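Written below as structure tokens is the structure these notes are about.
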Amino acid sequence: MSNDHDVEKGNLERELDKLDHERSHDTSSSASVQLSRPALTKEPDITAVEGPCSNSEDILKIPQRGRQDSRSSHSSNNSSKTLSDNDTHDHQVPPHRSRSRPQSSNRSVCRDVEKVPRSQRRGLLARFTVIAEVTNPYDYSRKTKWLLTLVVATAGAAAPMASSIVLPALIDIAKYFDSSATVVNLSVALYMLSMAIFPLWWSSFSETLGRRTIYLTSFALYVLFAVLGGVSTNVGMFLAMRMLNGAAGASVQAVGAGTIADIWPVKERGRAIGIFYLGPLCGPLLAPIIGGALNQTLGWRSIQWFLAILGGGILAFLTLCLPETLKQPTSVAAPAEETAEVHSTSNEKNASAQDAIRPTMTRSTTRQSVQVKTRTYLTVLQRCFVDPLRIVLYLQFPAVCCCVFYATTTFMALYMLNISVQQTFSTTPYSYSSIIVGLLYIPNSLGYFVTSVFGGRWVDGIMAREARKAGRMDEKGRLIYRPEDRMRENVWIGAVLFPAGLIVYGWTVTYGVNPAAPLIANFFFGIGSMLIFAAVTTMLTEFMPRKASNGVALNNFVRNIFSCIGGAVTDPLIKAIGNGWLFTGLGIICLVSGALSIWAMRRYGERWRVTMDRKIERVQGK
């Protein structure tokens, strides 16, 4: 595309050099020039890569989509530039930023951010935020970015906590409602099903309404359905409220990763995603312990009241501490109205000559206006509630399909293991109480925790190493990162570790050995599976930089559906073939699928990425 905007080439680069030169004369300090342009130093600063670059022009050598040339609108401070009305750039790839900005570097000086006035802040109840909204989320200081990551991670703990907190109480719930264990297990399976489906709409709405509005709305509903679950009078009502509770809490599963992509550059996003996942993984760590203690002391209904209080606290936390981070919302009404007007104009042109010469033009104009409004409303409804299902079409891209497939098998194994722990240790030969069963979920959750803390930085280091090894640098000496580099020795270790943990767990509990053995196996399962989750999630945000939340929503959609199936069939399978053969078969499936996925991504990943970027507009219906 001849008018693509490239912030590192052409006239704009010369303008940046001129501005830097003038700034150096004003301050009479050569050190300031080095701080503002780290790529000019003798040794390139690889931490100064700002924007998502996996699909950028300098990497893939292909035209970028929907980007307008804004050289003429470049302002003197290089921090605010205007977009044309027809500019359709995505918030994930801010079109007016230099990747050599220093604020992402630990050694750099933070730039002044342009804050949005309180009266102009976006999102629901935006005036109550303590942290100010800024025009460019990448310009937040590192301290603020980590605080926002903590806020989103805390919100992300709610939905997984609600899915796991009832596990120690399932037997008591079945007795209370005079139901079977298989039926009550549906409270977990249906919860996972709702977490699979509803993020499609949460993700779509967040691109239009903004992140903040979706967070606050969904958590208000989360509190409501938790309360209704606590007052359930029969098992049907309990299952329905659990399902709706999962639908509300699922917003963070997709939108949360989008928020991380809003504020963090690719170079540091792996570590940020790892910290973000601490929330969703600390939920399952603490939930069974809390659920077991509450069930044994106050009864199973107290679990639902705890979730309502938790949701209310998170809602208040989000209201005060989370500003809007979406760079530029996608309008739905304006394109819908334009489509309706075009359709109406076409109908008028095709009208017969007799209709065209009618003397009562007012009726024709009124009828046309009504048709335009009606078609506009229908188009808006379609784009809001039907078009989000188009996200499934992303599976036609091999890179996305490969990532989602591997994450799905891993996540299904995780939830089958969770059901087995509750089922196995509550009966003979162990016969532990609810509190003890809750404590038995700690080892695998500790594995998740350890990998989240250290795994993200490790993967970011691997990406930098691979870029240096391949000599992938731009003309400024900055490293060029590619998402497929995240699948190196880290995922091979995970691909072997967690299936081995499954197999060891299955046979040790089958023979009733000391619980220390299966718990150690679960710890290594947690380490291995989290290595896979972190790599796959981050890769999806980089393969689809303009639709990061959509990629994560698709991943959640597929993997939670299979987790629902796994949760529903685990109990019958344990009774039929036992834990040993069940987890041996599951471990072999995970091992083979992991080896195939990693091999395919390493061999064909680059080719798939380039082809995907060229075809993705047709999937989005543009």
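At a glance:
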read-out: Selection within the stretch 560-570 - under 9 Å from MET192 (Cα atoms) and open to solvent by less than 10 Å² (accessible area, probe 1.4 Å); value: ASN560, SER563, GLY567
read-out: Set ALA250, ALA240, ALA257, ALA287: member being closer than 16 Å to SER194 by Cα, in contact with a helix residue (DSSP H, G or I) (Cβ under 9 Å, 6 or more places away or on another chain), hydrophobic (A, V, I, L, M, F, W, C) and at pLDDT below 90; value: ALA250
read-out: Selection within the stretch 370-399 - closer than 29 Å to THR611 by Cβ and at pLDDT below 70; value: ARG383
read-out: Tabulated pairs, the stretch 181-192, first at pLDDT below 85, second of a type in the set (Asp, Glu), C-beta under 9 angstrom, 6+ apart or interchain; value: ALA181/ASP571; THR182/ASP571; ASN185/ASP571
read-out: Scope the stretch 168-188; condition part of a helix (DSSP H, G or I) and farther than 24 Å from LEU439 by Cβ; matching residues; value: THR182, VAL183, LEU186
read-out: Meets criteria (closer than 30 Å to MET539 by Cβ, open to solvent by less than 30 Å² (accessible area, probe 1.4 Å) and among the basic types (Lys, Arg)) for ARG242; value: no
read-out: Odd one out for ARG211, checked against (1) more than 24 Å from ILE309 (Cα to Cα); (2) touching a residue at least 24 places away in the same chain (Cβ under 8 Å); (3) of a type in the set (D, E, K, R); value: (1)
read-out: Scan of the stretch 506-557 for residues that are buried (at least 24 other Cβ atoms within 10 Å of the Cβ) and outside any helix (DSSP H, G or I), ordered by number; value: MET544
read-out: Odd one out for GLY461 among (1) assigned to a helix (DSSP H, G or I); (2) touching a residue at least 12 places away in the same chain (Cβ under 8 Å); value: (2)
read-out: Test set (1) farther than 29 Å from GLY551 by Cβ; (2) of a type in the set (Val, Ile, Thr); (3) modelled with pLDDT of 90 or more; (4) in a helix (DSSP H, G or I) - ILE214 fails condition number; value: (1)
read-out: Residue count, the stretch 571-615 (criterion: of a type outside the set (A, V, I, L, M, F, W, C), open to solvent by less than 10 Å² (accessible area, probe 1.4 Å) and under 18 Å from ALA535 (Cβ atoms)); value: 5
read-out: Failed item, numbered, when MET530 is tested on (1) touching a Ser or Thr at 6+ places or on another chain (Cβ under 9 Å); (2) modelled with pLDDT under 75; value: (2)
read-out: Which numbered condition SER164 fails, given (1) at pLDDT 90 or above; (2) open to solvent by less than 10 Å² (accessible area, probe 1.4 Å); value: (1)
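The values are calculated or read from the model by the stated rules, or taken from the named source; none is laboratory data. The structure displayed is predicted, hence computed values, not measured ones. Methodologically, a virtual Cβ is constructed for each residue, glycine included, from the backbone with ideal geometry; neighbour enumeration extends over all protein chains shown. Calculation scope for accessible area: heavy atoms of the full protein, side chains included, ligands and nucleic acids excluded. Shrake-Rupley method; radii C 1.70, N 1.55, O 1.52, S 1.80 Å.
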